[in-house]
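Encoded as structure tokens, the structure appears first; notes follow it.
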Amino acid sequence: VTRNIAKAQLAIGDALLCAHGQYHWSCVQRHENLKTLSAADLPMQDILTHHLVAVDFKLHPRLSTVSKEELEARHREVSQLAWEVWRHIESRRLEYQISDPQSYSRAGDKCPETFALKNMLLRLRSFGPKGCLSGKVFRYPREILLNVLAVLLWQPSAANLNWLSGQFCAPVGSADQALQAYKQLWQRYN
């Protein structure tokens, strides 16, 4: 668990560097690049601290004797930081502000660079005629993955099952069914 949290800590900083065109193959150099990055809407000091811990763990892995409670606290903190970086990157990419996962999932077009007719045909192929009944018929189907992922990762209690059913164009009666539908959709589009 400690190793996976460290990977997430590293990925948070690395994703930010990728978004700003400053990624480097060396994790030590990436940390130096991260120090020079400024983003007013992000807790950069927290990101730097977590990234440094992750770089140290990557270069000097060790067994951990941390308690379950401490691991849960770290996970919550890293998860919240991951949301902040996701929000920053997506706000920058989409050119509109995002406040929370639920509003992100309901906001504008996540794939504006795609073509409407092609999107409609992809939806028809993926979901059948039922998939073309929604108001998002001209949206790229992969947008569903982005919408649902944000909610499942950062606001799972807010994941209204009726809303999820509408996203998947199929009934979703439980959180487990939502995850299964997400996995199937992920395999289809990746």
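The values are calculated or read from the model by the stated rules, or taken from the named source; none is laboratory data. Fair warning: this is a prediction, and the values are worked out from it, not measured in the lab. Ideal geometry is used to build each Cβ from the backbone, glycine not excepted, and the neighbour counts take in all protein chains shown. Ligands, DNA and RNA are stripped out before the accessible areas are found, and what is left, the full protein with its side chains, is counted by its heavy atoms. Shrake-Rupley method; radii C 1.70, N 1.55, O 1.52, S 1.80 Å.
Listed conditions (1) open to solvent by less than 80 Å² (accessible area, probe 1.4 Å); (2) out of contact with any Phe, Trp or Tyr (no Cβ under 9 Å at 6 or more places or on another chain) are all met by Lys68, apart from (1).
In this structure, Tyr140 does satisfy being under 30 Å from Leu17 (Cα atoms), part of a loop (DSSP other than H, G, I, E, B), modelled with pLDDT of 85 or more and among the aromatic types (Phe, Trp, Tyr).
The set of residues from the stretch 104-123 being assigned to a loop (DSSP other than H, G, I, E, B) and in contact (Cβ under 8 Å) with a residue 24 or more places away in the chain comprises Asp109, Lys110, Cys111, Thr114. In the stretch 1-26, the qualifying residues are those that are of a type in the set (S, T, N, Q) and over 14 Å from Leu48 (Cβ atoms), and the one that is most open to solvent (accessible area, probe 1.4 Å) is Asn4. Taking the stretch 27-60 as the range and being at pLDDT below 95 and open to solvent by 80 Å² or more (accessible area, probe 1.4 Å) as the test, the residues that pass are Ser38, Ala40.
Taking the criterion of being part of a loop (DSSP other than H, G, I, E, B) and touching a residue at least 12 places away in the same chain (Cβ under 8 Å), the residues of the stretch 37-79 that qualify are Leu37, Ala39, Asp41, Leu42, Pro43, Pro61, Ser64, Val66. In the set (1) modelled with pLDDT of 90 or more; (2) open to solvent by less than 40 Å² (accessible area, probe 1.4 Å); (3) under 15 Å from Leu149 (Cβ atoms), the condition left unmet by Ile89 is number (2).
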